[in-house]
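A.B. asks: I have a structure I would like to understand better, so I am pasting it below and will then ask my questions one at a time.
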Amino acid sequence: MAALNTQSLYSALTNPARELSAQELARQFSFKAIEVRLKGLGALASSPGLLNKIRGAMGQVMLDGASDAVRQQKPCDWSPCCASEVFFAPKPEVKIGFAQQEPQLVKPFVLSADRHGRQDLLIRMSVFGMAQEWAPMASQALASALRDKVNWRLLSNGHFFVPSRTEIASTHIKDKQIVVDDTIPDECNLSFLTPVDTERTNIADHPDRLLQKLITRSALMSRWYGARLCGDLNELFEQSQNLKLAFEGPVFVDHIRIDSSRTDQHGFHDVSSLELHISGDLEPIWPLLRIGEAIHVGRGAVKGYGRYHLQPSLS
């Protein structure tokens, strides 16, 4: 891919050159996973606010190395544009199917955290579409942020031992491809690994809203692949409403704090065992459920919210 400046990048995002069906998008949905393993910090894998702190620290590292224009809150004037423009600058708004308002294009990455072995912490940054060209710069920024910018002792809140020096055991950039299934199941479970920011919607009463959010987010992410989802997204949403949805086990819905200025979002607490069972004609939405495993669902996905594992079940 040719180096993109800000104007050509945003033109490609807002005026994609091709249309892809959900199935075609899934088959072409490759991405890069930047994985950084930190020694002795595994106990912090589920620490509240961890990934938001990492996102902020990485954003600061990228801003420190950005163009003067970006630091002045203007579009980057470099060619290719700087990583800060790609990953953190506000994105254009586009019309997407059933959305009442024109949503802003999504950021082309998500973060996740897992314990690695008994003691280590694995931080993963998944980078999508055209933004993969900037993955090497993102990898350097993430490693720098983890080593020098994140206050691990503060995150531990005195509950865990934190090494005196942050040591990076390994850093890798891996090529990934979502699973493409030859057979579509009759039913499946979405097993949530992190809370979901549902934007004032009580998902316990309206589980179908999760699928609406997934369709919207997938359609927005398709722009980073130089495409738009073809067909009528409104029809796709209506088809998803005909599916049978049921949470297995209790659903805890409460206010969660996404940042210091907002406390009015709803979301799940303690979702380690939360599962959404879906049955019916899954064929229209199945590719998007697979894509959702990579891109997450709901607001705050870049901070790790809305992460799930898809478990198909053939009857």
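The values are calculated or read from the model by the stated rules, or taken from the named source; none is laboratory data. Just so it is clear, the model here is predicted, and its values are computed rather than measured. Heads up, the Cβs are rebuilt from the backbone with ideal geometry, glycines too, and the neighbour counts pull from every protein chain shown. Surface areas here come from the heavy atoms of the whole protein model, side chains and all, with no ligands, DNA or RNA. Shrake-Rupley method; radii C 1.70, N 1.55, O 1.52, S 1.80 Å.
A.B. asks: Filtering the stretch 97-116 down to residues that are more than 19 Å from Gly226 (Cα to Cα) and at pLDDT below 95, which residue is surrounded by the most Cβ atoms within 10 Å (Cβ to Cβ)?
C.D. replies: Checking each candidate, the answer is Ala99.
A.B. asks: Still on this structure, I have one more. Would you confirm whether or not the stretch 252-263 contains a residue that is open to solvent by 10 Å² or more (accessible area, probe 1.4 Å) and modelled with pLDDT of 85 or more?
C.D. replies: Within the stretch 252-263, not a single residue is open to solvent by 10 Å² or more (accessible area, probe 1.4 Å) and modelled with pLDDT of 85 or more.
A.B. asks: Continuing with the same structure: Does Ala219 satisfy the condition of being among the hydrophobic types (A, V, I, L, M, F, W, C) and touching a residue at least 60 places away in the same chain (Cβ under 8 Å)?
C.D. replies: yes
A.B. asks: Sort through Leu121, Leu51 and tell me the only one that's at pLDDT 95 or above, crowded, with 19+ Cβ neighbours inside 10 Å and closer than 19 Å to His296 by Cα.
C.D. replies: Leu51 is the lone residue from the list that is at pLDDT 95 or above, crowded, with 19+ Cβ neighbours inside 10 Å and closer than 19 Å to His296 by Cα.
A.B. asks: Restricting to the stretch 127-144, name every residue that is part of a helix (DSSP H, G or I) and touching a helix residue (DSSP H, G or I) at 6+ places or on another chain (Cβ under 7 Å).
C.D. replies: Answer for the stretch 127-144, where residues must be part of a helix (DSSP H, G or I) and touching a helix residue (DSSP H, G or I) at 6+ places or on another chain (Cβ under 7 Å): Gly129, Met130, Ala131, Trp134, Met137, Ala138, Ala141, Leu142, Ser144.
A.B. asks: Go through Asp77, Asp64 for me and flag whichever is open to solvent by 20 Å² or more (accessible area, probe 1.4 Å), over 19 Å from Gln140 (Cβ atoms) and among the acidic types (Asp, Glu).
C.D. replies: Asp77
A.B. asks: Among what's in the stretch 80-89 and is outside any helix (DSSP H, G or I) and not small (Gly, Ala, Ser), pick the residue that is surrounded by the most Cβ atoms within 10 Å (Cβ to Cβ).
C.D. replies: It comes out as Cys81.
A.B. asks: Kindly provide the set of residues from the stretch 90-112 that are in contact (Cβ under 8 Å) with a residue 40 or more places away in the chain, assigned to a loop (DSSP other than H, G, I, E, B) and either acidic (Asp, Glu) or at negative phi (or both), ordered by number.
C.D. replies: Passing the criteria: Lys91, Pro92, Val94, Ile96, Phe98, Ala99, Pro103, Leu105, Val106, Lys107, Pro108.
A.B. asks: What's the total number of residues in the stretch 149-171 that are open to solvent by less than 100 Å² (accessible area, probe 1.4 Å) and within 18 Å of Ala83 (Cβ to Cβ)?
C.D. replies: 1
A.B. asks: Here's something else I'd like to know. So which residues in the stretch 24-47 are over 20 Å from the mean Cα position of the chain (by Cα) and more than 23 Å from Pro195 (Cβ to Cβ)?
C.D. replies: Scanning the stretch 24-47 gives Glu24, Lys39, Gly40.
A.B. asks: Looking at the stretch 59-68, is at least one residue within 30 Å of Leu236 (Cβ to Cβ) and in contact with a helix residue (DSSP H, G or I) (Cβ under 9 Å, 6 or more places away or on another chain)?
C.D. replies: For the stretch 59-68, residues within 30 Å of Leu236 (Cβ to Cβ) and in contact with a helix residue (DSSP H, G or I) (Cβ under 9 Å, 6 or more places away or on another chain): absent.
A.B. asks: Select from the stretch 277-294 the residues that are among the aliphatic types (A, V, I, L, M) and either over 19 Å from the mean Cα position of the chain (by Cα) or part of a loop (DSSP other than H, G, I, E, B) (or both) and list them in ascending order.
C.D. replies: Ile278, Leu282, Ile285
A.B. asks: In the set Arg115, Arg147, Arg165, Arg124, which member is assigned to a loop (DSSP other than H, G, I, E, B) and at negative phi?
C.D. replies: It is Arg165.
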